[in-house]
1. Go through the range 120-146 and give me each residue that's of a type in the set (Ser, Thr, Tyr) and loosely packed, with under 14 Cβ neighbours inside 10 Å.
2. So Asp149 passes all but one of these: (1) of a type in the set (D, E, K, R); (2) modelled with pLDDT of 95 or more; (3) exposed (fewer than 14 other Cβ atoms within 10 Å of the Cβ). Which condition number does it fail?
3. Scan the range 1-48 for residues that are among the small types (Gly, Ala, Ser) and closer than 27 Å to Ser174 by Cβ and jot them down.
4. Which ones in the range 144-167 are part of a helix (DSSP H, G or I) and closer than 11 Å to Thr18 by Cα?
5. If you check Ser163, Ser124, which single one turns out to be over 17 Å from the mean Cα position of the chain (by Cα) and closer than 16 Å to Ile33 by Cβ?
6. What number goes with the only condition from (1) crowded, with 16+ Cβ neighbours inside 10 Å; (2) part of a helix (DSSP H, G or I) that Lys113 does not pass?
7. Could you list, in sequence order, all residues of the range 81-100 that are under 23 Å from Cys14 (Cβ atoms) and assigned to a helix (DSSP H, G or I)?
8. Starting from residues that are modelled with pLDDT of 90 or more and among the aliphatic types (A, V, I, L, M), keep the ones in the range 34-75 and report whichever is nearest to the chain's Cα centre (by Cα).
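The values are calculated or read from the model by the stated rules, or taken from the named source; none is laboratory data. Being a predicted model, the structure only gives us computed values, none of them experimental. All Cβ positions, glycine included, derive from the backbone under ideal geometry; neighbour counts span all protein chains shown.
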Amino acid sequence: MKVDLKYRNEQDKCYGLTGVAMSAVILDIENIIYSISLDSDAFNSVRYTPQSFVEGNALISPRNVLEHNVKKFRLTMGMILANILCRTYVLDGKFINHKTKQQFFDYFIEEGKESCDLDKDEVSALFNKNYDYFQRIFSHPQVQSIANDFAQNLTENRTLTQSQIITALQSLNSI
């Protein structure tokens with residue numbers, strides 16, 4: 001299943017990156033983002049720190065590798081959903097319809113099977129938990145205000161480093 005995640009314009013990209021940055025702070029993984037940039041192409045807009053990538057290690061048990069891969073899949077799913085929901089809820093002021101939500105679900109079913117050998121029920125549990133969580137977050141008026149402020153900051157500065165992201169989003173901790 002091919003899901004179109006392309007940005008419509010720079011503002012759409014800005015809110016997508018805002019969602020990614022906010023999800024990293026919310027999920028307490030902001031240390032994996034080195035920087036975000038509006039001036040990079042879509043696939044290179046988020047630069048990750050070297051510690052965000054784990055190399056294979058023959059001493060790690062298969063179970064631990066699987067747990068790591070599932071955790072990484074869950075976090076990646078959250079960041080992608082935050083990108084989409086921030087663009088849709090905050091920028092557009094709309095909700096995602098059932099058909100579109102189903103397309104994203106189908107996409108994650110394929111990704112979960114490919115990256116972690118998860119079955120549909122396992123992906124469904126992860127998807128529903130992530131989707132419901134970020135839907136509540138991005139529909140919250142205070143969060144939307146923080147997102148708008150962050151997007152304006154990103155538009156003005158074009159690139160934000162990890163420390164700038166953390167500083168700009170520290171108010172999320174009080175919600």
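1. Within the range 120-146, Ser139, Ser145 qualify.
2. (3)
3. Passing the criteria: Gly16, Gly19, Ala21, Ser23, Ala24, Ser35.
4. Answer for the range 144-167, where residues must be part of a helix (DSSP H, G or I) and closer than 11 Å to Thr18 by Cα: Gln144, Ile146, Ala147, Asn148, Asp149, Phe150, Ala151, Gln152, Asn153, Leu154, Thr155, Ile165.
5. Just one listed residue meets the conditions, Ser163.
6. (1)
7. Residues satisfying the conditions are Leu81, Ala82, Asn83, Ile84, Leu85, Cys86, Arg87, Thr88, Tyr89, Val90, Leu91, Thr100.
8. Leu75
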